[in-house]
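The block underneath contains the structure these notes are about, expressed in structure tokens.
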Amino acid sequence: MSTETIQELTRRQYQAGFVTAVEADTLPPGLNEDVIRLISEKKGEPEFLLEWRLKAYRHWLTLREPRWQSVRYNPIDYQAIRYYSAPKQKPRLDSLDEVDPEILRTYEKLGIPLEEQKRLQNVAVDAVFDSVSVATTFKDKLAKAGVIFCSFSEAVREHPELIKRYLGSVVPYSDNFFAALNSAVFSDGSFCYVPKGVRCPMELSTYFRINAAETGQFERTLIVADEGSHVSYLEGCTAPMRDTNQLHAAVVELVALDGATIKYSTVQNWYPGDAEGRGGIYNFVTKRGIAHHRAKISWTQVETGSAITWKYPSVILKGDDSVGEFYSVALTNHRQQADTGTKMVHLGRNSRSTIVSKGISAGHGQNTYRGLVKVLKSAEGARNYTQCDSLLLGSKCGAHTLPYIEVKNASAQVEHEASTSKIGEDQLFYCQQRGISREDAVSMIVNGFCRQVFKELPMEFAVEAQKLLGVSLEGSVG
Amino acid sequence: MSAGLQHYLDVAQRFQAEQAETAPLWLRALREEGLAQLSRQGFPTPRHEDWKYTDVAPIVSRGFAPVGAGRSVDLKARVEQLALPGPRLVFVDGRHSPELSSLEGLYEGVTVKSLRVAVREDAEALEAVLGRRARAEAHPFTALNAALLEEGAFVQVRPGAVAPSPVQLFFLASGAGAAPVLASPRIVVVAGENSEAALVELYAGVEGGASFTNAVTEVVLGDNARLHHYKLQAEPDAAFHLASLHARLSRDSSLTSHAFALGGALARNEVYSVFAGEGGECVLNGLYVGHGTQHLDNRTDLDHAVPRCTSRELYKGVLDDRARGTFHGRVLVRQDAQRTDASQTNRNLLLSEEALVDTRPQLEILADDVKCAHGAAVGRLDEQALFYLRARGIPRAEAERLLTYAFASEVVGAVKLEPLRARVEQLLAGRLPGGARREVGA
């Protein structure tokens with residue numbers, strides 16, 4: 001890599017790094033039972049939810065932060081975080097005209113024009129600003145199909161029976177350290193319910209934005225696809241540039257009942273910190289789905305942001321003939337670290353899973369694939385195929401592949417393959433010889449490397465992901 | 001502290017007190033360090049990442065202890081039955097047995113001594129390497145071995161010597177006596193520049209008493225040295241066996257390790273190999289064949305610390321009945337280890353509904369100009385291949401046997417040492433399904 005290209009690389013700016021001046025209703029930093037009661041009270045929650053939060057908090061107190069991961073970070077002071085921050089503007093809005101124009105402008109800057117959604121794109125958006133959902137579009141059209149798509153708080157008020165039934169059914173509050181913390185303090189998120197046999201008429205989408213300083217974002221997403229239904233859900237994330245690290249500990253739960261299909265796509269572009277590794281988001285997220293008979297859950301993720309990405313979107317293949325998929329592109333540049341992968345737990349007969357993971361490391365980035373494929377006794381005829389490829393751009397980065405394969409049924413067929421490589425001089429030479437510039441050749445090869453994953457993304461996201469990857473890698477190979 | 005750990009600490013303390021007067025200072029220091037490390041680390045539990053799939057509680061709780069000298073059991077027949085022709089050192093229950101050993105025909109460029117003799121005669125050469133590769137602070141069972149360090153072998157290959165025949169170290173558990181027996185052999189191999197040699201470690205036993213072998217092997221290869229290391233572990237099904245091989249490869253040297261794990265109720269074989277000079281080459285082959293309720297564990301670690309080294313790793317498992325196999329292999333490519341070429345493969349064949357496999361092939365890569373790949377697979381016999389054979393009149397049991405043998409033969413076939421390959425094939429034949437398993441294995 002030549003010196004200019006390195007300099008070019010370090011000059012690159014994070015483009016979503018501005019701060020919006022919105023008056024916010026924030027709690028002082030710190031966490032105790034009173035804070036939790038206050039959050040619950042502010043949101044007007046029913047008794048069962050407060051009880052659940054408190055149980056989660058008490059359990060969290062007994063847990064210790066995990067240490068087995070391959071990512072390194074300074075200790076987090078959980079008492080220095082503000083656990084609630086909401087843009088000041090109430091009451092709850094019904095139309096976009098009432099949303100604080102500052103916030104709307106924020107989303108516009110990010111390329112998510114909420115106002116234009118109605119006319120231009122066939123995507124329903126739930127926008128979450130700091131911890132609170134500020135706007136949800138296309139509600140009426142969805143309601144006609146019987147689809148419920150709203151903020152989590154609204155769902156708690158309007159559909160408490162669904163929340164009570166499914167909240168914590170996939171990721172119990174006792175699941176892990178960060179899931180317990182989230183369960184205690186989550187402030188909002190998205191909720192989606194697709195009724196029996198309904199094919200959701202449009203893509204659903206949530207945009208998460210961290211704005212206020214010193215806050216943590218703890219949102220919770222719950223998607224329930226009833227029997228035979230189909231839904232595709234997109235998630236995007238950005239945050240301002242700051243010198244300090246901010247914690248993002250979300251929980252996503254997917255429930256795919258018999259014959260249902262859930263496709264969950266993420267383009268994660270939280271602020272990654274600067275070239276020296278100052279600031280950036282700690283993205284410690286628990287994502288898990290449960291697939292019943294003949295159900296299918298498909299995770300697709302493009303992880304380009306965050307100082308640290310540490311998550312394993314998982315599928316519990318509970319039903320017979322259920323299908324789990326995981327497609328991932330993780331890019332680490334500068335001092336970013338990623339420890340990501342998936343867990344596929346096979347319980348049902350003839351359950352199948354596919355894992356395709358593409359890791360790209362540049363600069364001082366450290367990229368770890370960690371995945372578990374577990375075939376239990378009951379999973380007769382289970383099938384897994386795993387492919388992990390790593391691409392190294394530069395001599396100071398790292399790529400690690402740590403699969404765990406546990407097989408307890410002889411009829412299972414499990415395969416894991418991994419390779420690590422760099423872009424070959426001969427490949428570049430071949431392109432350059434045909435008049436393609438070095439830069440374009442690199443971008444072409446990287447895109448080709450990720451194609452298997454990109455083709456799983458919905459159209460709008462695929463374009464965005466390719467652009468994001470192009471920008472993130474600009475000049476990183478030469 | 002658990003009662004189990006306390007027992008081993010007591011055993012080691014007693015041993016060290018008895019030996020305090022006769023042992024040289026440096027050896028005492030090594031033993032004391034081992035004891036201190038064991039006491040500090042304790043025994044691992046499945047909560048340790050490195051011991052996630054293997055629980056050593058049955059070993060810890062059983063209170064194994066070394067046997068005193070002077071016990072004589074007639075094992076000549078057993079030794080003759082299993083040993084390969086050629087020079088050999090034989091150890092019974094961890095103690096060197098001169099009457100069963102014979103160094104006749106040993107190539108002049110190779111020196112083989114029991115560790116006890118080497119401590120007296122070659123103190124300087126031994127002190128320079130003993131405990132340097134296998135560090136007590138890195139491993140609780142290495143610490144236990146160090147704390148009880150007394151017996152084993154010291155093998156030196158003179159620079160430039162090319163030994164035509166292998167050196168054989170035969171460790172036998174006698175099965176005599178009621179008390180559970182602990183053997184802690186330590187093997188040290190120093191191969192000089194431009195030398196080539198082969199070493200066979202054979203572990204076997206006589207059915208009966210409980211035994212626990214906790215072996216540690218240290219290998220130091222000089223520039224351009226070649227060592228072929230073979231380990232055949234065919235202990236009784238009730239035995240416990242933990243062993244580790246620690247190797248350091250200098251410039252252009254080559255280590256080929258073949259590890260066969262056939263016996264043991266709980267057996268774990270570890271290989272740690274570090275490239276210390278450019279141009280090194282390391283081949284790690286392994287085959288583990290389990291039946292009954294055996295638990296066979298394999299742990300390998302390849303450290304590509306310098307550029308331009310090549311490693312090839314192939315581990316295969318065949319698990320029948322309720323046997324459990326685990327594989328955890330790590331390939332670490334350090335930041336400056338450019339031009340590394342590493343491949344790692346683990347394949348497992350499950351022959352019964354109750355058999356289990358856990359596998360963790362790991363690549364950790366910190367350099368960019370490398371070629372690294374790994375793969376792992378778990379499955380059962382191919383129905384179509386079975387059908388093909390049966391359609392040609394081969395009974396199902398025989399067909400299964402053929403296919404299983406074909407699966408295993410990739411590893412067995414890589415053994416260059418003809419008599420050893422025959423021995424492995426013979427032992428294996430008794431293990432494969434539909435075969436005379438009960439005759440030989442029992």
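Bear in mind these aren't lab numbers, they're just calculated from the coordinates by the rules spelled out. None of these values were measured; they are calculated from a predicted model. So basically every Cβ, Gly included, is an ideal-geometry build from the backbone, and we count neighbours across all protein chains shown.
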For A:420-429, mean number of other protein chain Cβ atoms within 10 Å:
3
Distant alpha-carbon pairs in region B:80-135 (separation over 16 angstrom), percent
56 percent
Kirkwood Rh over alpha-carbon pairs of the protein assembly as shown, then Stokes-Einstein at 20 °C and 1.002 mPa s: what D in µm² s⁻¹, rounded to an integer?
71 µm²/s
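If you place +1 on the Cβ of every Lys and Arg, -1 on the Cβ of every Asp and Glu, and leave all else neutral, what size is the dipole of region B:307-442 about its Cα centre, to the nearest 20 Debye?
The calculation lands at about 280 debye.
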Considering chain B as a Gaussian network with a 10 Å cut-off on Cα pairs, which listed residue, B:SER244, B:SER184, B:SER101, attains the greatest mean-square fluctuation?
B:SER101
Rg/Rh over Cα atoms for region B:331-408, Kirkwood Rh, comes to 1.21
Ranking B:ALA36, B:LEU356, B:VAL411 by how far each Cα lies towards the positive end of the charge dipole of the protein assembly as shown (+1 on Lys and Arg Cβ, -1 on Asp and Glu Cβ), the top one is B:LEU356
Find the Cα radius of gyration of region B:181-234, compare it with 2.2 N^0.38 Å by division, and give the number to two decimals.
1.42
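Roughly how compact is region B:248-358, stated as its Cα Rg over 2.2 N^0.38 Å to two decimals?
Details: Rg = 15.4 Å, N = 111, 2.2 N^0.38 = 13.2 Å.
Against the empirical 2.2 N^0.38 Å value, I get 1.17 for region B:248-358.
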For region B:352-421, listing trypsin sites (Lys or Arg not before Pro) in a DSSP loop whose Cβ sees at most 14 other Cβ atoms within 10 Å gives B:ARG392, B:LYS416
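Using just the alpha carbons, could you tell me how many Å³ per residue the convex hull of region B:1-66 encloses?
Numbers: hull volume 6.0 nm³, N = 66.
Looking at region B:1-66, the number lands at 91 Å³ per residue.
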Inter-chain shielding of A:387-399 (mean C-beta neighbours from other protein chains, 10 Å cut-off):
4
Alpha carbon centre of region B:218-246 versus region B:335-362: separation in Å?
19 Å
Could you give me the radius of gyration and the Dmax of region A:220-371, taking only the C-alpha atoms into account and expressing both in angstrom?
16.0, 50
Let me spell out the model: positive unit charges on the Cβ of Lys and Arg, negative unit charges on the Cβ of Asp and Glu, origin at the Cα centre of the protein assembly as shown. What dipole size does that give, in debye rounded to 20?
1140 debye
Across region B:222-311, how large is the tail of the calculated P(r) beyond 14 Å, expressed as a percent of all Cα pairs?
61 percent
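Subtract the Cα-Cα distance of B:GLN13 and B:GLU104 from 0.36 nm times their separation in residues, and report this length gain in nm to one decimal.
Gain on extension, B:GLN13 to B:GLU104, equals 29.0 nm.
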In nm, give the distance between the simple-model label positions of B:LYS371 and B:ALA3, each being 7 Å from the Cα along the Cα-to-Cβ direction.
5.8 nm
Please find, in a Gaussian network model of chain B (springs between Cα atoms separated by less than 10 Å), the residue of B:ARG423, B:ARG40, B:ARG334 whose mean-square fluctuation is greatest.
B:ARG40
Quickly work out the B:ASP341-to-A:ARG451 label distance, labels modelled 7 Å from Cα along the C-beta direction, and quote it in nm with one decimal.
2.8 nm
Taking the Cα centre as origin and putting +1 on Lys and Arg beta-carbons and -1 on Asp and Glu beta-carbons, what dipole magnitude results for region B:3-277, to the nearest 20 debye?
300 debye
Top positive-direction residue, dipole computed over chain B with Cβ charges, set B:PHE91, B:ALA265, B:HIS328
B:ALA265
Note down, for region B:19-124, the three equivalent ellipsoid semi-axes (square root of 5 times each alpha carbon gyration tensor eigenvalue), biggest first, whole angstrom.
31, 22, 15
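With the convex hull built on the Cα atoms of region A:285-362, state its orientation-averaged projected area in nm². Don't skip to the answer; put the middle values down first.
Details: hull surface 17.7 nm².
Mean orientational projected area (region A:285-362, Cα hull): 4.4 nm².
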Quick one: Cα convex hull volume of region B:3-277, Å³ per residue?
120 Å³
Approximate spin-label separation A:PHE177-A:LYS42, in nm, with each point projected 7 Å along Cα-to-Cβ:
2.5 nm
